[in-house]
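Encoded as structure tokens, the structure appears first; notes follow it.
The values are calculated or read from the model by the stated rules, or taken from the named source; none is laboratory data. Note that the structure is predicted; figures quoted are calculated from it, not measured. Cβ placement follows ideal geometry from the backbone for every residue including glycine, while neighbour counts extend to all protein chains displayed.
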Number of protein chains: 4
Amino acid sequence: MIVKLDLQADIPIYTQLVNQIIEGIASGQLQPGEALPSVRSLASDIGINLHTVNKAYTHLKQEGFIQIHRQKGVVIEPDAMPVVTESYLVKLHEQLKPIVAEAICRGMQKEELLQTIGTLYQSIKGL
Amino acid sequence: MIVKLDLQADIPIYTQLVNQIIEGIASGQLQPGEALPSVRSLASDIGINLHTVNKAYTHLKQEGFIQIHRQKGVVIEPDAMPVVTESYLVKLHEQLKPIVAEAICRGMQKEELLQTIGTLYQSIKGL
Amino acid sequence: MIVKLDLQADIPIYTQLVNQIIEGIASGQLQPGEALPSVRSLASDIGINLHTVNKAYTHLKQEGFIQIHRQKGVVIEPDAMPVVTESYLVKLHEQLKPIVAEAICRGMQKEELLQTIGTLYQSIKGL
Amino acid sequence: MIVKLDLQADIPIYTQLVNQIIEGIASGQLQPGEALPSVRSLASDIGINLHTVNKAYTHLKQEGFIQIHRQKGVVIEPDAMPVVTESYLVKLHEQLKPIVAEAICRGMQKEELLQTIGTLYQSIKGL
DNA sequence: GTGGTCTAGACCACA
DNA sequence: GTGGTCTAGACCACT
């Protein structure tokens, strides 16, 4: 998988990396059980510090998307991906609320917004 | 309008304030042309720093949601709200992408996600 | 509160710090709502790196024992301490199992063990 | 005896193996004088590295739970199991302290904790 | 002045 | 060779 980072963006690099990997899983480019590069090799590949990669991996582990085997490396969670929990839905609402509110302010119709998101959903999943 | 801030969230306070005001506009609680409290009074009302309110107002002005007049105070943009521009759509995509990707990873179906967002859209607009 | 760390022990420093703070809360030396030292001041006080303190604080935050206010500092969780959940009981069992097993191997009677722990419980709480 | 290892836990594999064997002794599944599998056979049985098993056995020997004879193999200490020494009690206290402290923070009553441990004691011994 | 992030370089336990 | 930990020093956003 190709990782694209914007080192100038105001989004932390480790967050961008987390997002990229989640998108990779969503699109099927990263399959459950598949190995991820070691912190060192990925860090040198994309030209960032190994601690930054480490922070991203640790975050993904805590969220349940990957497993970190102490001395063997990192793999995509092979068994059960995280599911839709109550607390996730709360988080999802909080994330979406300001985005939807701004769309409303800009006069975006409900169908327009839903279609945009539907298209996005397909384009991610369909890779 | 009542402003609710979470001082311990990892979202900057000024961003929360910006979001609250945008939601207020989206819900119709804040009407175009309506006056907003002065920086000082709002700051003391919700118990935060002057600079924080100032930063939020400045941000909203740059986005085109409010007007700031030296002596007359702050009003919701009375004429033309920002609209759906090309650059806005790009930003919208970037914001939504990681959210949608995580929803896919967690096994959320497209219809499920769209319905969640549709409901959210109505609940904001319908206030 | 006085913090005692063993820099030579095989327990990570940040873990020792986490434990010390939890013991401080358990003993009542640290009261809910009370402020903790800033990462920098605590780090220099006990002569360790600020990142190590940061890691300890972040861990305590994730466990729900403290709140980290972005620019204001760190306080003991003022509202609701973490409670006894199902997953906590599982973790507790896993932690205790090898300890109890060794005690059995060494011929420690059940009453002997329980009394030791009961005394320990009191000595922590009674500070 | 069946050995259960969690390769993704943050507890070293050799430590898990040590714990399992101690629990086996505590439960009576492993009797004093009983032979343990050779390093090689155990390693291949549970699919881990030779060195890992070796490290676990060496650790158990140092603690006095097993004897290692060059050609004859490994046996559970037939004569005198380790007993409750002063230094063991110190170690026990250090291990239990953070666990008990967290239980107190979570509002666990003394009786509740003691009963949990009492039950655990029986369940290990009663196997 | 606060915590958040990133970089750089080092040592260690583990396998 | 792997991840885990610690140190050191720097810049930034926020208040």
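Some observations on this one:
- Counted residues, segment C:7-30 - those being of a type outside the set (A, V, I, L, M, F, W, C) and within 14 Å of DNA strand E (Cβ to nearest atom): 5
- Sole exception among (1) part of a helix (DSSP H, G or I); (2) more than 10 Å from every other protein chain (Cβ to nearest Cβ); (3) away from DNA strand F (no atom under 16 Å from the Cβ) for C:Gln31, by number: (1)
- The single residue among B:Ile13, B:Ile104, B:Ile117 that is away from chain A (no Cβ under 13 Å), under 30 Å from A:Tyr88 (Cβ atoms) and out of contact with any Gly (no Cβ under 7 Å at 6 or more places or on another chain) turns out to be B:Ile13.
- Qualifying positions in segment C:69-105 - part of a loop (DSSP other than H, G, I, E, B) and surrounded by fewer than 18 Cβ atoms within 10 Å (Cβ to Cβ): C:Arg70, C:Gln71, C:Lys72, C:Pro78, C:Asp79, C:Ala80, C:Met81, C:Pro82, C:Val83, C:Val84, C:Thr85
- Cβ-Cβ under 6 Å pairs, at least 6 apart or on other chains, segment C:26-39 side free of Cβ contacts under 8 Å to residues at least 40 places away in the same chain, far side within 16 Å of DNA strand F (Cβ to nearest atom): C:Ser38/C:Gly73; C:Val39/C:Leu50; C:Val39/C:Val53; C:Val39/C:Asn54
- Residue ID - farthest from A:Glu23 (Cα to Cα), chosen from residues in segment A:49-68 that are in a loop (DSSP other than H, G, I, E, B) and under 18 Å from the mean Cα position of the chain (by Cα): A:Gly64
- Sole residue being of a type outside the set (Asp, Glu), within 24 Å of C:Gln16 (Cβ to Cβ) and at pLDDT below 90, chosen from D:Ala9, D:Ala80: D:Ala9
- Residues that are away from DNA strand F (no atom under 14 Å from the Cβ) and surrounded by 15 or more Cβ atoms within 10 Å (Cβ to Cβ) were ranked within segment B:35-59; the one that is farthest from the other protein chains (Cβ to nearest Cβ) is B:Pro37.
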